[in-house]
Amino acid sequence: MFLKHLLLRNFRNYSHLQIDFCNGVNYIYGDNAHGKTNLLEAIYFLIIGRSFRSKQLSDVIKHGESFFYLEACFERDGVENILKFSYDAKTRYIVHNETYLRSSADILGLLQGTILVPEDIDIIKGSPSCRRRFLDIHVSQHNKEYLHTLIRYQRALKQRNCLLKGGLRDNIEEWEVELSKAASKIVLERYRALSVLEEEAQCSYSKISLGHDCLELCFRNSFYDKLVEDIDAPALQELYLQKYISQREREYIMGKTLSGPQYDDFRILINGHEAKTFGSEGQQRSSVVSMRMGEWSVLNKEFNYIPIIAIDDFGLGMDSFRKESYRDLEQQGQIFITSTDRPSGFDNFRKDFLGLKVHNGTMEQICKQVKKDERYSI
């Protein structure tokens, strides 16, 4: 995977920006609040179809403007792709290689990658919804069927909740069947995906901690605690259906559905203890880094191409050893790094290096290194 070119118009503080990247380390530096994170936000927007900072599309439109436009040229499996996304506060327009896409969800899986931002600490410290969102995006990047199942579940849940709030009983059984069918698939896929992610994250965390600490990711289903290999989708579907039926009268009183994947969570443990409560700040941030690196590793193994990786505010929360330990990121395909520090020692990198300076929504190239004779991958 190689993001070759990016065009931004009226995106955050960028009025107009065209930039070509190298297929190695792209180092973006400058003072805070000048647009470094905004650039990574644009890249991630084209990976998942939304911002990692806001739920509203209109929030990324430059102040005083009426629309934003993003365009990326990227190479996958040796084939050049063009992805365009625009929004004018009313209508979104998404095109992939001249094919119109109906929704932002259709973007997932086209340009694949992982981003690590300071706000990721919410995966540890935040509510269960933060962890569900992280897991759902991770699974959706390599499993489109999961994404469509999740959308069907959310639509059925909305319909059932409307019936419950209105005290209406017509057709509620049909929505419960739809809910239970989708719920079983969602929960089992979340459980499977978290188990795979845990293995990759554990490897990364062991490296960071020099083998002194152990990271665990433990899935927590909202009502069925014995979710292991002893149950399949039809059996879990029946359990959910019976749960919806048995709780129906109580839910009419409450006006909402009280069971389902919308209440799932997963625990993050360090040496058997909750990272949220007992982990140090360094351990918590190392856990987040390990989970993001695990996410990247899963994507890398699922496909024949290497996903991109972006790191905002490189080195935040890491001591000097941990900072140095991530120099081997250069071996992992195309990388985007932001920092307030001017790049130094880039001639030691074994692959292409591009240094870019950001200032008030403008960008200039300040250094470039091309090593055509040395190509590394994992």
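The values are calculated or read from the model by the stated rules, or taken from the named source; none is laboratory data. Predicted, not measured: the structure shown is a model, and the values here were computed from it. As a convention, Cβ positions derive from the backbone with ideal geometry for all residues, glycine included, and neighbour counts pool all protein chains shown.
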| request: Looking for whichever is more than 21 Å from the chain's Cα centre (by Cα), crowded, with 18+ Cβ neighbours inside 10 Å and at pLDDT 95 or above here; the options are Phe85, Phe68, Phe74. Which one fits? | output: Phe68
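Looking at Ser103, Ser140, which one is among the small types (Gly, Ala, Ser) and surrounded by fewer than 17 Cβ atoms within 10 Å (Cβ to Cβ)?
Sole residue among the options that is among the small types (Gly, Ala, Ser) and surrounded by fewer than 17 Cβ atoms within 10 Å (Cβ to Cβ): Ser103.
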| Which residues, counting only those in the range 160-171, are surrounded by fewer than 16 Cβ atoms within 10 Å (Cβ to Cβ) and either farther than 19 Å from Ala182 by Cα or in contact with a helix residue (DSSP H, G or I) (Cβ under 7 Å, 6 or more places away or on another chain) (or both)? | Lys165, Gly166, Gly167, Leu168, Arg169, Asp170
| remark: In the range 186-208, residues that are crowded, with 20+ Cβ neighbours inside 10 Å and more than 20 Å from the chain's Cα centre (by Cα) total 1
| task | Among residues belonging to the range 235-247 that are of a type outside the set (A, V, I, L, M, F, W, C) and buried (at least 18 other Cβ atoms within 10 Å of the Cβ), point out the one that is nearest to Arg169 (Cα to Cα). | result | Tyr244
| note | When every residue in the range 196-219 that is without any contact (Cβ under 8 Å) to a residue 12 or more places away in the chain and of a type in the set (Gly, Ala, Ser) is compared, the one farthest from Asp264 (Cα to Cα) is Gly211
| List, please: which pairs have Cβ atoms under 7 Å, are six or more places apart or on different chains, and start with a residue in the range 176-187 that is at negative phi and end with one that is part of a helix (DSSP H, G or I) and of a type in the set (S, T, N, Q)? | Ser180/Gln237; Lys181/Gln237; Ala182/Thr149; Ser184/Gln237; Lys185/Thr149; Ile186/Thr149
| message | So for the range 75-96 (the condition being in a loop (DSSP other than H, G, I, E, B), closer than 18 Å to Gln365 by Cβ and touching a helix residue (DSSP H, G or I) at 6+ places or on another chain (Cβ under 7 Å)), does at least one residue qualify? | response | no
| note | Those residues of the range 2-21 which are closer than 23 Å to Asn300 by Cβ and either crowded, with 21+ Cβ neighbours inside 10 Å or of a type in the set (Phe, Trp, Tyr) (or both) amount to Phe2, Leu3, Phe21
| field | Search result, residues across the range 1-22 that are in contact with a Gly (Cβ under 8 Å, 6 or more places away or on another chain) and assigned to a loop (DSSP other than H, G, I, E, B) | value | Met1, Arg12, Asn13
| task | May I ask you to list pairs of residues, at least six apart or on different chains, whose Cβ atoms are under 7 Å apart, with the first in the range 43-61 being closer than 15 Å to Asn13 by Cα and in contact (Cβ under 8 Å) with a residue 40 or more places away in the chain and the second being of a type in the set (S, T, N, Q) and not in a helix (DSSP H, G or I)? | result | Val60/Ser51; Val60/Ser54; Ile61/Asn10
| message | Out of the residues in the range 106-137 meeting the condition of being assigned to a helix (DSSP H, G or I) and touching a strand residue (DSSP E or B) at 6+ places or on another chain (Cβ under 8 Å), tell me which one is surrounded by the fewest Cβ atoms within 10 Å (Cβ to Cβ). | response | Pro128
| field | Flag for Gln242 being assigned to a helix (DSSP H, G or I) and over 21 Å from Glu295 (Cβ atoms) | value | yes
| task | Answer yes or no as to whether Ile47 is part of a helix (DSSP H, G or I), out of contact with any Phe, Trp or Tyr (no Cβ under 9 Å at 6 or more places or on another chain) and not acidic (Asp, Glu). | result | yes
| Does at least one position in the range 318-333 carry a residue that is modelled with pLDDT of 75 or more, under 29 Å from Val60 (Cβ atoms), in the same structural domain as Ile28 (by TED's automatic domain parsing) and touching a strand residue (DSSP E or B) at 6+ places or on another chain (Cβ under 8 Å)? | yes
| remark: The condition of being modelled with pLDDT under 95, under 17 Å from Val358 (Cβ atoms) and surrounded by 18 or more Cβ atoms within 10 Å (Cβ to Cβ) holds, among Gly35, Gly24, Gly49, only for Gly35
